[in-house]
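One structure is given below, encoded as structure tokens.
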Amino acid sequence: MTKLTDLTIHEALDGLKSKKFSAVELTQAHIDAMEKHRSLNCYITETPDIALKQAEESDKRYASGSALKMDGIPLGMKDLFCTKDVKTTAGSKMLSDFVPTYESTVSQNLWDQGAVMMGKLNLDQFGMGTANVNSHYGHVVNPWRAKDNPSKEYVAGGSSGGSSASVAAGMCMAATATDTGGSSRQPAAYTGTVGFKPTYGRCSRWGIVAFASSLDQASLVSKDVKDAALMMEVMSGHDPKDSTSAPIDVPDFTAMLKQDVKGLKVGIPKEYTVDGMPSEITDVWNEGKAMLKAAGAEIVDISLPHTHYALPTYYILAPAEASSNLARYDGVRYGLRVDNGGNLDAMYEATRSEGFGDEVKRRIMIGTYTLSAGYYDAYYVKAQKVRRLILNDFIEAYKQCDVILAPTAPGPAFAKGENEDDPIKMYLCDVFTVPASLAGLPALSVPIRLNENGLPLGLQLIGRRFDEQTLLHAAFGLEQQAQFKDKPFGE
């Protein structure tokens, strides 16, 4: 019999409806896995009591025939989503004791459909990082191990490393994430899971701790594409509390999934071949093209000429917005306060010095510099203009194709400590994911296979704005061709 922690959401829902097991049994199995794999450091706050109570309510609804869309499904919540009466830290010391009195819109949507909260997942502080090594609560460990050195720890990707690792390790069935420059897709590629960033505006940002407001988008990590489609149906929807939330209907993404991609045009951008890219990434990209072609898709060569400027553009705009958003953490209204007996300015300085980690301080300083008098036009305004050119490239490309296929990351997961002394190397991990974020487009990473050393490799598909259904259709077709079934821990 398949372990309960190996089930996908749709398999679990079938089992719950047919009374093969109860929501409490399903939840307890994931609590046991959470305790077993605690050394991966996926959770900042565990909420087993809340989970079991919610599962009991789900079982009552199943018994009465009034089950909801995701009743009894154990989920992890990235610790950027505010959860009422449950600590929300953003992975930082600054918010280490912050307990919201309100619920984020996305998490509320999930609870309203019967989902079960396992706890709050670890992340890079305020979502700033590419390896989940910047958390105040310690780094997240990737559950996968390389064949050549099984004792070596690998990063789980960032900033949603806790989300990706917990799903890969069976500690929850799926997890919320956020994606500012690739923070759901890149971790998914590193852990053999599905990472899905919808169109900017598809999900409400209300109640999510902000990093860069024009880029942040609620996202998810799941075991497969069908689960991602269901999760997105529940998470999405217009929210009058968020001015960037799009007032458009949410399609039935799950019903639209089909394996046949015959006639679908898949664009291959020549600019995504970067200097020094490992041959295994080129190989898996070629394999992805062949898989989609075998399934009936048409492969089309396209050009995204301003792609080379995406990374520097992102690392001007995102830190600028972070500098503005994080100005609110001053030790006065909420969060950490370090009062060293000096004046108000000294309290501000001491609070922010102690409350923010090194990477957060680095990005605040970069952002403050680019927004300062004399540099605003030279950096920030110019970056906004380049961002528009990047979007225009995608608009032109979609005249030739329906979706775009590209690598998710420039390599497999790397060992902890490997790139931490060089911020530029860390930033380069986002080279393939940042363009879609700057353009506000939906994108999804699918696991394809393991490399020769036993680590997962993924590919991403990028869709048109608010055309998640075509993106999911293409991703489902690719997933069916790839048939990725491997699991960590040698299981």
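The values are calculated or read from the model by the stated rules, or taken from the named source; none is laboratory data. The structure presented is a predicted model; accordingly, all values stated were derived computationally and were not measured. FYI the Cβ positions are ideal-geometry reconstructions off the backbone, even for glycines, and counts take in every protein chain you see. Side chains included, ligands, DNA and RNA excluded: accessible areas come from the protein's heavy atoms. Shrake-Rupley method; radii C 1.70, N 1.55, O 1.52, S 1.80 Å.
Just a few scattered comments:
- Anisotropy class of region 237-290 from Cα gyration tensor, a/c 1.5 cut: oblate
- The relative contact order of the chain, computed from alpha carbon pairs under 8 Å that lie at least 6 residues apart in sequence, is 17 percent.
- Using a simple spin-label model with pseudo-atoms 7 Å out from Cα toward Cβ, Asp260 and Phe98 lie 5.0 nm apart.
- Relative contact order %, region 231-345, counting alpha carbon pairs below 8 Å whose residues are six or more apart: 22
- With 10 Å bins from 0: P(r) over region 164-270, alpha-carbon pairs, percent: 15, 39, 37, 9, 0
- Of the residues Gly355, Met426, Val386, the one whose Cα sits farthest towards the positive end of the charge dipole of region 346-491 is Val386 (charges of +1 on Lys and Arg Cβ, -1 on Asp and Glu Cβ, taken about the Cα centre).
- Rg/Rh for region 1-128 (Cα atoms only, Rh after Kirkwood) is 0.99.
- Reducing region 102-149 and region 221-245 to their Cα centroids gives an inter-centroid distance of 17 Å.
- Nonlocal amide H pairs with Ser219, under 5 Å, H built at 1.01 Å: Ala177, Thr178, Asp179
- With all protein chains in place and a 1.4 Å probe, the accessible surface of region 2-103 carries 49 percent carbon and sulfur.
- Sulfur and carbon atoms: percent of accessible area, region 334-403 [1.4 Å]: 54
- In a reduced charge model with +1 at each Lys and Arg Cβ and -1 at each Asp and Glu Cβ, the chain shows a dipole moment near 440 debye about its Cα centre.
- Among Gly138, Gln400, Asn453 the positive-end extreme of the charge dipole of the chain (Cβ point charges): Gln400
- Averaged over its residues, the chain has an accessible area of 38 Å² per residue, based on protein heavy atoms and a 1.4 Å probe.
- Note on region 129-231: with charges restricted to the Cβ of Lys and Arg (+1) and Asp and Glu (-1), its dipole about the Cα centre is near 120 debye.
- Among the listed pairs Lys93/Lys361; Lys60/Lys485; Lys258/Lys289; Lys262/Lys289; Lys3/Lys197; Lys69/Lys258, those whose Cα-Cα separation exceeds 22 Å are Lys60/Lys485; Lys3/Lys197.
- Compactness of the chain, expressed as Rg and Dmax over alpha-carbon positions, Å: 21.3, 70
- Portion, in percent, of the accessible area of region 181-247 that falls on carbon or sulfur, probe 1.4 Å: 53
- Karplus-based coupling profile of region 234-239, in residue order and whole Hz: 7, 6, 7, x, 5, 10, with θ = phi - 60° in 6.51 cos²θ - 1.76 cosθ + 1.60 and x standing for Gly or Pro.
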